[in-house]
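**Q** Let me begin by handing over the structure; questions about it come next.
The values are calculated or read from the model by the stated rules, or taken from the named source; none is laboratory data. Fair warning: this is a prediction, and the values are worked out from it, not measured in the lab. Every residue, glycine among them, receives a Cβ derived from its backbone with ideal geometry; neighbour counts consider all protein chains shown.
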Amino acid sequence: MFLFVIKYLGFLKFIPGLGVVFDAWLKIWEVINGRKTLDYIDNIEAEVEKWTGITTSIHKYGGLQFNLGRRELGHIHSNGLLDMLLSRKIKQQLMEEDGRVQHHHSFKNSGWISFYIKDEADMDFAISLLRMAYEHHKK
Amino acid sequence: MKKVLTPLFNGYLVSNLVGLLIIGLTKYLTAKTYDFLGGTYTLAEFLIVPFLMGIIAVWFWRHEPLPGSRLVSRAWYNSFIAIALSFGFLREGVICLVILSPLLWSFMLAGCYAGRYMFKRDNQTLNVSVVALLAIFFFVDVMSEHHYENMVADEMVVNAPVSTVWKNVVAYKRNTSPDKYWLFKIGMPSPVESTAEGYYLGAKRKCIFSNGYVFDEKITTYEENKNLIFDITNQPRDPEIMGHIDILRGQFLLKDNGNGTTTVTGNSWYRLYVFPAWYYGIWAKSITRNVHIRVMEHIKEISEAR
């Protein structure tokens with residue numbers, strides 16, 4: 001459903017506030033289905049915000065965005081999908097090491113990756129991925 | 001008193017009071033000033049107001065940790081309070097509010113999240129800008145004329161000759177079969193009977209609903225065994241959904257299939273008084289479709305009875 005909306009209704013993202021509403025629907029969907037995704041996202045937010053220079057904001061298409069200064073480290077949609085920008089080299093390496101790391105759902109030929117957070121282990125891995133991006137961009 | 005007026009309570013109370021005040025004032029002022037706006041609920045009232053209510057509620061809750069799951073449940077409670085107040089003060093019907101609730105909840109939650117990040121940043125320029133943008137969008141939308149009409153068509157094959165079906169299409173005896181559509185089951189009136197003063201052009205017709213509602217109709221096209229069109233001349237005004245939709249016209253088209261069966265096509269034209277149409281249109285279509293199905297299944301049953 002998420003990928004369908006992104007692919008076919010993505011043009012609606014230019015309407016101000018619609019991304020936030022779409023993300024609110026994702027939140028409601030996760031809670032109705034009894035998933036703990038929102039708790040995992042809260043825990044990731046609490047952890048990553050401790051790092052020097054990190055700020056959070058609403059992603060332009062909805063979701064939680066992590067910033068280092070003016071640069072975006074990545075964002076998490078409320079269905080637990082973490083999107084992050086790394087170098088192509090790191091992306092390749094990560095995808096070879098761990099099958100859970102995928103091409104970005106929209107930009108396959110780029111340094112962007114996508115990773116679904118479904119349980120606590122995924123949550124810890126997401127934090128380590130964000131840490132990797134943090135160290136990478138801090139240089 | 002301090003124990004009652006906690007930030008949690010104030011968040012619910014003030015956001016709902018502001019929401020109620022905006023809707024009430026908008027209804028009052030527009031009805032007084034602009035006739036064409038009277039009775040219409042706009043996109044801004046259903047989307048901007050709950051969004052703003054979410055922001056206001058979170059302003060009161062900004063000093064406590066607000067994990068996502070808590071915000072989702074609080075947005076739900078706040079939506080429930082808003083629905084109860086709308087029932088009490090705005091005289092809205094229960095089914096109408098059931099239909100509204102998913103929209104209210106999602107926009108309230110979006111407002112809560114937007115508020116959470118706004119107050120976390122504590123940037124007054126940003127906060128004022130967001131509220132000003134919402135206000136501009138609200139006024140522009142409320143002051144604009146809204147008009148939405150649509151038509152729904154459904155088809156059914158009846159295992160009876162066209163002359164038998166025609167007789168039952170113009171008027172049919174009371175339908176006592178149980179409702180199948182979930183909105184009818186929870187109390188929305190469903191069509192049960194149709195009467196006509198005669199089988200001719202200009203005859204008055206009545207469509208009677210399960211709760212006693214009567215739609216007055218007049219036959220405007222009468223082509224025996226082929227085409228029946230009737231305009232709705234008077235329909236009940238009610239706080240339930242029927243106050244927010246006008247059924248304008250109905251039509252039954254009959255086609256003799258040449259094998260003793262008849263294809264019946266039911267068409268209905270309606271006008272909506274609630275917006276956004278992309279949301280309420282889905283409901284209006286579903287309700288109209290189920291009115292068609294109930295009527296056409298009944299026509300099929302009595303036409304096929306030997």
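**Q** Go through the stretch B:249-280 residue by residue and tally those that are assigned to a helix (DSSP H, G or I) and either surrounded by fewer than 17 Cβ atoms within 10 Å (Cβ to Cβ) or among the hydrophobic types (A, V, I, L, M, F, W, C) (or both).
**A** Within the stretch B:249-280, the first condition is being assigned to a helix (DSSP H, G or I), and the residues that meet it are B:277-280.
Of the ones still in play, those that are also either surrounded by fewer than 17 Cβ atoms within 10 Å (Cβ to Cβ) or among the hydrophobic types (A, V, I, L, M, F, W, C) (or both) are B:277-278.
Count: 2.
**Q** Follow-up question, since we're still on this one. What number of residues in the stretch B:113-127 are crowded, with 24+ Cβ neighbours inside 10 Å and more than 8 Å from chain A (Cβ to nearest Cβ)?
**A** As a first pass, look at the stretch B:113-127 and keep what is crowded, with 24+ Cβ neighbours inside 10 Å: B:113, B:115.
Retained after the next criterion (residues that are more than 8 Å from chain A (Cβ to nearest Cβ)): B:115.
So the answer is 1.
Residue-by-condition table, conditions (1) within 15 Å of B:Asn16 (Cβ to Cβ); (2) aliphatic (A, V, I, L, M); (3) modelled with pLDDT of 95 or more:
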{"position": "B:Met53", "(1), (2), (3)": "yes, yes, yes"}
{"position": "B:Ala57", "(1), (2), (3)": "yes, yes, yes"}
{"position": "B:Phe60", "(1), (2), (3)": "yes, no, yes"}
{"position": "B:His63", "(1), (2), (3)": "no, no, no"}
{"position": "B:Asn78", "(1), (2), (3)": "yes, no, yes"}
{"position": "B:Leu90", "(1), (2), (3)": "yes, yes, no"}
{"position": "B:Ile95", "(1), (2), (3)": "no, yes, no"}
{"position": "B:Leu100", "(1), (2), (3)": "yes, yes, no"}
{"position": "B:Ser106", "(1), (2), (3)": "no, no, no"}
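**Q** Identify the single condition in (1) surrounded by 16 or more Cβ atoms within 10 Å (Cβ to Cβ); (2) modelled with pLDDT of 90 or more that B:Asp141 does not satisfy, given that it satisfies every other one.
**A** With respect to (1) surrounded by 16 or more Cβ atoms within 10 Å (Cβ to Cβ); (2) modelled with pLDDT of 90 or more, B:Asp141 is out only on (2).
**Q** Let me ask you something else. Scanning for something within 27 Å of the chain's Cα centre (by Cα), loosely packed, with under 15 Cβ neighbours inside 10 Å, in a loop (DSSP other than H, G, I, E, B) and outside the structural domain of B:Phe137 (by TED's automatic domain parsing), does the stretch B:213-228 turn up at least one residue?
**A** No - not one qualifying residue is present in the stretch B:213-228.
**Q** For the stretch B:285-292, state whether one or more residues are touching a residue at least 12 places away in the same chain (Cβ under 8 Å), farther than 19 Å from B:Thr221 by Cα, of a type outside the set (Lys, Arg) and touching a Lys or Arg at 6+ places or on another chain (Cβ under 9 Å).
**A** Yes, the stretch B:285-292 contains at least one residue that is touching a residue at least 12 places away in the same chain (Cβ under 8 Å), farther than 19 Å from B:Thr221 by Cα, of a type outside the set (Lys, Arg) and touching a Lys or Arg at 6+ places or on another chain (Cβ under 9 Å).
**Q** Give me the residue from the stretch B:83-108 that is in contact with an Asp or Glu (Cβ under 9 Å, 6 or more places away or on another chain) and buried (at least 18 other Cβ atoms within 10 Å of the Cβ) and, out of that set, nearest to B:Ile55 (Cα to Cα).
**A** So in the stretch B:83-108, the residues in contact with an Asp or Glu (Cβ under 9 Å, 6 or more places away or on another chain) come out as B:83, B:86, B:92-96, B:100.
Narrowing the set further to residues that are buried (at least 18 other Cβ atoms within 10 Å of the Cβ) leaves B:83, B:86, B:92-93, B:95-96, B:100.
Values: B:Ile83: 18, B:Ser86: 19, B:Glu92: 24, B:Gly93: 27, B:Ile95: 27, B:Cys96: 25, B:Leu100: 19 Å.
Applying the filter and picking the extreme gives B:Ile83.
**Q** (1) at pLDDT 95 or above; (2) under 27 Å from the mean Cα position of the chain (by Cα); (3) under 26 Å from B:Trp283 (Cα atoms): which one isn't true of B:Val157, the others all being true?
**A** (2)
**Q** Which numbered condition in (1) more than 24 Å from B:Leu126 (Cα to Cα); (2) surrounded by 14 or more Cβ atoms within 10 Å (Cβ to Cβ); (3) within 13 Å of chain B (Cβ to nearest Cβ) is the only one that A:Trp51 fails?
**A** (3)
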